[in-house]
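Remarks on the structure that follows.
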Amino acid sequence: RSPKMSLTLVTGAAGFIGSNLCKALLRSGHQVVGIDCFLPDLYSPKIKEGRTAELVRDFDKNFTFIPLDLRTSNLDILDKFDFRDVVHEAAMPGLSSNWGNFQPYYSCNIEGLHRLLEKAKNWQLKSFVHASTSSVYGINAVGNESESLQPTSPYGVSKLAAENLLFAYRTWYNLPVKILRYFSVYGPNQRPDMAFSKLIDAILQNRDFTLFGDGKQSRSNTYIDDVVEATILALSKGESGDIFNICGAETRSMLEVFDLLENISGRKIRLIVEAKRRGDQQTTSGSSVKARKILGWEPKRSEEHTSELQ
């Protein structure tokens, strides 16, 4: 590959969403540069290494992988590419049991983004699509994009700060920012630290599953393929400054998910119930009307397909 080709940069390319996004972009004819640093914090780096190896093997002519840590690596290597689009998926997700340790959220979700933006402000970009989260809304993420933003977890706080940082660069450097607030993404090969993965693994291995709270907390679970489709649409549709909720059409409580999986598996879930975790959302039931109207997107998959996770 010669330098200075028109490319799409995907950060967090080895993650659950990032790797699926890279596959879809490559299958649709995009040339992609993926970066990741295989953080070991949430699950084994071997899983990410496997995803990357698969991308390199299947798309060797159009996919370039560069191991980079946005927080600490020299990012000058990115200057040799002619990026037209950026999708920023890299982040430290999830709830922390230790509220005293904010550093992973700050360094990954704010500091890493800031270093990327210092590069991106000099590129001739058509779109900078940023993966945000329903956690920016707080305890209850219900309604459309105009709802108040009151995050109640270190993760949510850091992701809202990231949104504000992006809009500051949009104001002063004319960066073509679009923000997608994902709602509880699930699907095959999702992160092993996520609830659906843990729950299905517990059922299959006949192990206990720990439920935090009363099980009445509910989510607009969004299937991975739907999230990827919305993200790709955002590269070419919408305007700089747009914010979109990307959420499934149905809202289910954890108790309803238990019933669904017990019916699918024919097994009873062995529950251990503990107190609700600080920062955990109670209800996410977002509206994707804006994404439907502007991106022409709507979720195609419902939780009835959860059996495919097996």
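Calculate what fraction, in whole %, of the accessible area of the chain sits on carbon and sulfur atoms when a 1.4 Å probe is rolled over the protein chains.
48
Among the listed pairs Lys48/Lys198; Lys48/Lys300; Lys198/Lys237, a Cα-Cα separation exceeding 25 Å is found for Lys48/Lys300; Lys198/Lys237.
Give me the net charge for the shell around Asp201: Cβ to Cβ below 13 angstrom, other residues only, Lys and Arg +1, Asp and Glu -1. Intermediate values should be presented prior to the final figure.
On the way: positive: Arg191, Lys198, Arg207, Arg267, Arg270; negative: Asp193, Asp208.
Net of charged neighbours comes to +3.
The Rg/Rh ratio for the chain, using Cα coordinates for both the radius of gyration and the Kirkwood hydrodynamic radius, is 0.95.
Checking the a/c ratio against 1.5 first, then a/b against b/c, what shape does the Cα gyration tensor give for the stretch 90-153? Oblate is the answer for the stretch 90-153, as a/c is 1.5 or above yet b/c matches or exceeds a/b. Helix-only arithmetic for the chain: the sum of -39500 (n - 2.57) across DSSP H runs with n ≥ 4, divided by the residue total, places the mean residue ellipticity at 222 nm at -9500 deg cm²/dmol.
Would you mind calculating the gained length between Glu262 and Arg277 on full extension (0.36 nm times residue separation, minus the Cα-Cα distance), in nm to one decimal? Display every interim value, and only then the final one.
Numbers: separation 15, 0.36 × 15 = 5.40 nm, distance 2.45 nm.
Full extension from Glu262 to Arg277 adds 3.0 nm.
When Leu75, Leu95 are compared by accessible area at a 1.4 angstrom probe, the order from most to least is Leu95, Leu75. Computed with a 1.4 Å probe over protein heavy atoms only, the accessible area of Tyr155 comes to about 30 Å².
Count charges around Tyr173 for me, please; just the other residues with Cβ under 10 Å from its Cβ, Lys/Arg as +1, Asp/Glu as -1. Numbers along the way, then the final one.
Numbers: positive: Lys121, Arg170; negative: Glu118.
The answer is +1.
The candidates Trp123, Trp99, arranged from most to least accessible area with a 1.4 Å probe in the full protein assembly, appear as Trp99, Trp123. How tilted is helix 195-205 with respect to the longest principal axis of the chain? Cα atoms for both, answer in degrees (0 to 90, nearest 10). For helix 195-205, the angle is close to 50 degrees. A DSSP coil position with no more than 12 other Cβ atoms inside 10 Å describes the following GluC sites (Glu not before Pro) in the stretch 208-281: Glu239.
Divide, for the stretch 1-79, the radius of gyration over alpha carbons by 2.2 N^0.38 Å, where N is the residue count. If you can, show how the numbers build up before the last one.
Values: Rg = 12.2 Å, N = 79, 2.2 N^0.38 = 11.6 Å.
Here the answer is 1.05, to two decimals.
Of the residues Cys37, Cys22, the one with the largest accessible area comes first in the ranking Cys37, Cys22, computed with a 1.4 Å probe on protein heavy atoms.
If the segment from His114 to Asn140 were pulled out straight at 0.36 nm per residue, it would be longer than the present Cα-Cα gap by 6.5 nm.
The values are calculated or read from the model by the stated rules, or taken from the named source; none is laboratory data. Because the structure is a prediction, the values reported are computed rather than measured. Ideal geometry is used to build each Cβ from the backbone, glycine not excepted, and the neighbour counts take in all protein chains shown. Side chains included, ligands, DNA and RNA excluded: accessible areas come from the protein's heavy atoms. Shrake-Rupley method; radii C 1.70, N 1.55, O 1.52, S 1.80 Å.
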